Amino acid sequence: MALVAGVDSSTQSCKVTIRDAATGAVVRQGRASHPDGTSVDPRHWWNALGTAIADAGGLDDVGAIAIAGQQHGMVALDADGRVIRDALLWNDVRSADAAAQMVEEIGREAWVARTGLVPVASFTGTKLRWLRDAEPENAARVAAVALPHDWLSWRLRGYGPADESPLGPDLDALATDGSDASGTAYWDPVRRDYDPELFELALGRPMRVAETGDDDAVVVPRVVAPDEAMGTLDVDVPLPDGAVAPAGLIVGAGLGDNAGAALCLGLGPGDVAVSLGTSGTVFGVTDAEVADPSGTVAGFADGGGSRLPIVTTLNAARVLEVIGGLLGVDHDELGRLALQAPAGAGGLVLVPYFVGERTPNRPDATASLIGMTPATTDRAHLARAAVEGMLCALADGLAAVEGTGVTVDRLLLIGGAARNEAVRVVASQVFGRDVLVPEPGEYVAAGAAKQAAWALTGALPAWDLDTAVVPGDPHPEVLDQYRAAAR
């Protein structure tokens, strides 16, 4: 039995799954937590990776590994391979003004034509502009820019500061994949190449791709094809917490978190997934170009050579956590309460912008509760409004994805919150169609493991995944009242 490992280095934690390359059967797993915050020292991710690998029983019998990670995070490195400042994560909105400036400078249509997206605070390029303007001394030290999965893969392959790694700070060894590169706002998923002018627009300095040229331009990772490997380890690489990445281990291209989930689920044209993690995403797979000048839908690359049109919200499962905390209940009890109230919660609407919002682009927004009456101001109606508000925001995202020409033949509901019975029931009402719920699992880590198997064997495996179906039960009035409240 050939074994492969997949890693999900998310905002909250690092998950490692070790699987049979042929069947996808889970052999063992490990996990470690990440610190809270929207600005984090990447060293925490490295330590968590070592801990999670050790918790999963190590890599001595593993043939290949791939790392999927949270997208957009800005990891700025100096010439010695050291991290210059804490990484700004996807959910850090301090670069909102920088994003607006960049859009104004060349226009929405030009951004969509060149990158498939319109910059908002989430994207790496806007964080580089913020760094240029807010911390010019740090910006001047930048020798390379990586994303979380790029940096972790680089460290895993033995690179890093000379006193911390066997191979030293070779910035030209940095590599990434198309799905993660397409979330930077300086990579074109159509040409599958960087846009040097947009990088310089962001940081104010020229760039070069790793392994090309030898000047003093800022290095960006070379982009590895989905079925290729970043490389094979020539030496044993010591990891935190006593783990070791052994010589001979193949390191796959890796991918962004949503692309990892799509690869795990085997999404193809006609499939769209709604993912309910801390944040929410709606994404599908298409072979067509995706262009949305409004900026609602970003036309990322996927993990298999196609396109991954995606809408992202900052508020998904966190909505249930906030309201559950207010009511003093866990997710399960919140769901039971929600099912005691009618569809539409009697007119009570929660607009759930607790940490601002990315879609719609309202970084400074706050949450609102509308429609409170003596009849609706109770625990059950508030729980119902929380579930409906979370899902209605994503229903708008689904409509935006369909508006780009993407066909939705199958709608899949994934993520931790999808395990909640009330979420499944309300989803069938809000989306107004059958909802497919795959068996619970770490989809992102599994997608990375699937990619590792691809790199190991030369063929993308087909792993079975059981799926339950929740029949559609349309209640258009729920979405109508939400849209009226969220204007």
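Among 456, 432, 395, whose Cα sits farthest toward the positive end of the charge dipole of segment 394-487 (+1 at Cβ of Lys/Arg, -1 at Cβ of Asp/Glu, about the Cα centre)?
456
Count charges around residue 249 for me, please; just the other residues with Cβ under 12 Å from its Cβ, Lys/Arg as +1, Asp/Glu as -1.
Taking every Cβ under 12 Å from that of residue 249, the sum is -3.
Using 7 Å Cα-to-Cβ label points, what is the residue 480/residue 79 separation (nm, one decimal)?
A separation of 6.6 nm, rounded to one decimal place.
Could you calculate the FRET efficiency of residue 375 with residue 332 from 1/(1 + (r/R0)^6), where r is the beta carbon distance between them and R0 is 45 Å, rounded to 0.05?
The calculated FRET efficiency here is 0.95.
How far is it, in nm, from the label point at residue 163 to the one at residue 41 when both lie 7 Å from their Cα along the line to the Cβ?
1.4 nm
If Lys and Arg each add +1 and Asp and Glu each add -1, what is the summed charge of the other residues whose beta carbon sits under 11 Å from the beta carbon of residue 330?
The answer is -2.
Once the piece of chain linking residue 133 and residue 402 is laid out straight, how much longer is it, given 0.36 nm per residue of separation minus the C-alpha distance between them?
Details: separation 269, 0.36 × 269 = 96.84 nm, distance 3.73 nm.
This chain segment gains 93.1 nm when fully extended.
Mind computing the radius of gyration and Dmax over the alpha-carbon atoms of segment 299-339? Å is fine for both.
16.3, 45
Taking a quarter of the surface of the Cα convex hull of segment 198-247, what do you get in nm²?
If you wrap the Cα atoms of segment 198-247 in a convex hull and average its projections, you get 5.9 nm².
How much FRET efficiency would the formula 1/(1 + (r/R0)^6) give for residue 244 and residue 289, where r is the Cβ-Cβ distance and R0 is 35 Å, rounded to 0.05?
0.20
Kindly provide the pair-distance distribution of the chain built from C-alpha pairs, with 20 Å bins from 0 and whole-percent values in order of increasing distance.
26, 57, 17, 0
Roughly what % of Cα-Cα distances in segment 226-371 sit above 23 Å, to the whole percent?
56 percent
Given the C-alpha centroids of segment 143-158 and segment 351-400, what is the distance between them in whole angstrom?
37 Å
So in the chain, what percent of DSSP beta bridges are antiparallel if you round to the nearest 5?
Here the antiparallel bridges make up roughly 65 percent for the chain.
Run the numbers for residue 212 and residue 457: contour at 0.36 nm per residue of separation, minus the present Cα-Cα distance, in nm.
85.3 nm is the gain from fully extending residue 212 to residue 457.
Divide, for segment 252-336, the radius of gyration over alpha carbons by 2.2 N^0.38 Å, where N is the residue count.
Ratio of Rg to 2.2 N^0.38 Å for segment 252-336: 1.31.
Where the only charges are on Cβ atoms (+1 Lys, Arg; -1 Asp, Glu), what is the dipole of segment 90-193 about its Cα centre, to the nearest 20 debye?
Roughly 200 debye for segment 90-193.
Label segment 59-148 by shape, choosing from rounded, prolate and oblate, from the square roots a ≥ b ≥ c of the eigenvalues of the Cα gyration tensor; if a/c is under 1.5 it is rounded, and otherwise prolate applies when a/b is larger than b/c, oblate when it is not.
Cα axes put segment 59-148 in the oblate bin.
Can you compute the equivalent ellipsoid semi-axes for segment 405-472, i.e. the square root of 5 times each eigenvalue of the Cα gyration tensor, sorted largest first and rounded to whole Å? All intermediate terms of the calculation are to be shown ahead of the outcome.
On the way: eigenvalues 153, 40, 17 Å².
Over the Cα atoms of segment 405-472, the ellipsoid semi-axes are 28, 14, 9 Å.
Please work out, to two decimal places, the log10 of the ratio I(q)/I(0) at q = 0.15, 0.17 Å⁻¹ from a Debye calculation in which every Cα of segment 1-127 carries one identical scatterer.
-0.80, -0.91
Is segment 127-187 rounded, prolate or oblate when judged by the Cα gyration tensor, a ≥ b ≥ c being the square roots of its eigenvalues, rounded requiring a/c under 1.5 and prolate requiring a/b larger than b/c?
In terms of gyration-tensor shape, oblate.
Take each complete run of DSSP H in the chain, measure how far its Cα atoms stretch along the helix's own axis, and keep only those covering 30 Å or more with mean Kyte-Doolittle hydropathy at least 0.5; list them.
Qualifying helices: 379-403.
If you count the DSSP beta bridges with both ends in segment 335-487, what percent of them are antiparallel, to the nearest 5?
Expressed as a percentage, antiparallel bridges in segment 335-487 total about 80.
Quick one: putting +1 on the C-beta of Lys and Arg, -1 on the C-beta of Asp and Glu, what dipole do you get for the chain around its Cα centre, in Debye to the nearest 20? Display every interim value, and only then the final one.
Values: 35 positive and 65 negative charges, 194 e Å.
My answer is approximately 940 debye.
Show log10 I(q)/I(0) for segment 345-487 at q = 0.09 Å⁻¹, two decimals, from a solvent-free Debye sum over equal Cα scatterers.
-0.36
With a point put 7 Å past each Cα toward its Cβ, work out how far residue 466 is from residue 61 in nm, to one decimal.
2.5 nm
Hey, what number do you get for the chain at 222 nm if only DSSP H runs of n ≥ 4 count, each worth -39500 (n - 2.57), divided across all residues, to the nearest 500?
After summing the helix terms and dividing by the residues of the chain, the value is -10000 deg cm²/dmol.
Could you tell me which GluC sites (Glu not before Pro) in segment 98-190 are loop residues by DSSP with no more than 16 other beta carbons within 10 angstrom of their beta carbon? Write down the numbers at each step before the final one.
On the way: sites: 104, 105, 109, 137, 164; in loops: 164.
In loop regions of segment 98-190 (DSSP not H, G, I, E or B), the sparsely surrounded GluC sites (Glu not before Pro) are 164.
Can you give me the orientation-averaged projected area of the convex hull built on the Cα atoms of segment 221-269, in nm²?
Reported value for the Cα convex hull: 5.0 nm².
Answer rounded, prolate or oblate for segment 133-239, using the Cα gyration tensor with square roots of eigenvalues a ≥ b ≥ c: rounded when a/c is under 1.5, else prolate when a/b is larger than b/c, else oblate.
Cα axes put segment 133-239 in the oblate bin.
Taken together, the values in this text are just the output of simple stated rules run on the coordinates, not laboratory data. Bear in mind the structure is a predicted one, so any value in this text is a computation, not a measurement. Neighbour counts are summed over all protein chains in view; Cβ atoms, including those assigned to glycine, are modelled from backbone coordinates with ideal geometry.
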